[in-house]
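Data first, discussion second: the structure below is written as structure tokens.
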Amino acid sequence: MAQPRLVALDHPDLPPYPLSPRLRSQLVYFQSGPDAPEHPAHLGEGEYWFDRDEVTKWVMEGVFYLVSPLDTEKATEVELTEEQDSLLVWLETHKVRHARVEE
């Protein structure tokens, strides 16, 4: 079975970023909402859009925030793992905004 990888659709010459199954499942934590600047009207299956300002903020602060579906008024601060930080640094360094998971 091939290892999943994140392919930068806005930088096709960039080598894909290898994803562990755990990190793949966590991409939703870092994708931007549909109201983010320049967010495409539609994303294909397995595609993600990352807001550059948010990515930079997470890298600089070393944390991100999760909102519970049971209490949308409060967010929990979560420290980035090394694996998450490495992905975010890759996104930031290469200015990746639009990516797709491939097997």
Task: Scan of the range 55-103 for residues that are farther than 23 Å from P4 by Cα, modelled with pLDDT of 95 or more and of a type in the set (D, E), ordered by number - done: E61, E79
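Here's the yes/no breakdown for (1) charged (D, E, K, R); (2) modelled with pLDDT of 95 or more:
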residue: M1; (1), (2): no, no
residue: L9; (1), (2): no, yes
residue: L14; (1), (2): no, yes
residue: R22; (1), (2): yes, yes
residue: H42; (1), (2): no, no
- [ ] Please list, ordered by first then second residue, the pairs with beta carbon atoms under 8 Å, 6 or more apart or interchain, first in the range 71-97 and without any contact (Cβ under 8 Å) to a residue 24 or more places away in the chain, second of a type in the set (K, R).
- [x] none
Open item on the list: Residues that are of a type in the set (D, E, K, R) and loosely packed, with under 12 Cβ neighbours inside 10 Å: list the strands (runs of 3 or more DSSP E) wholly contained in the range 7-103 that include at least 1 such residues.
Closed with: 71-79
Task: Scan of the range 59-99 for residues that are more than 20 Å from R22 (Cα to Cα), under 15 Å from the mean Cα position of the chain (by Cα) and among the hydroxyl-bearing types (S, T, Y), ordered by number - done: T93
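For the range 27-63, which positions are among the aromatic types (F, W, Y) and either closer than 16 Å to A75 by Cα or free of Cβ contacts under 8 Å to residues at least 40 places away in the same chain (or both)?
Y29, F30, W58, listed by residue number.
The values are calculated or read from the model by the stated rules, or taken from the named source; none is laboratory data. Source: prediction; values computed, not measured. Note that each Cβ is placed from the backbone with ideal geometry, even for glycine, and that neighbours are counted across all protein chains shown.
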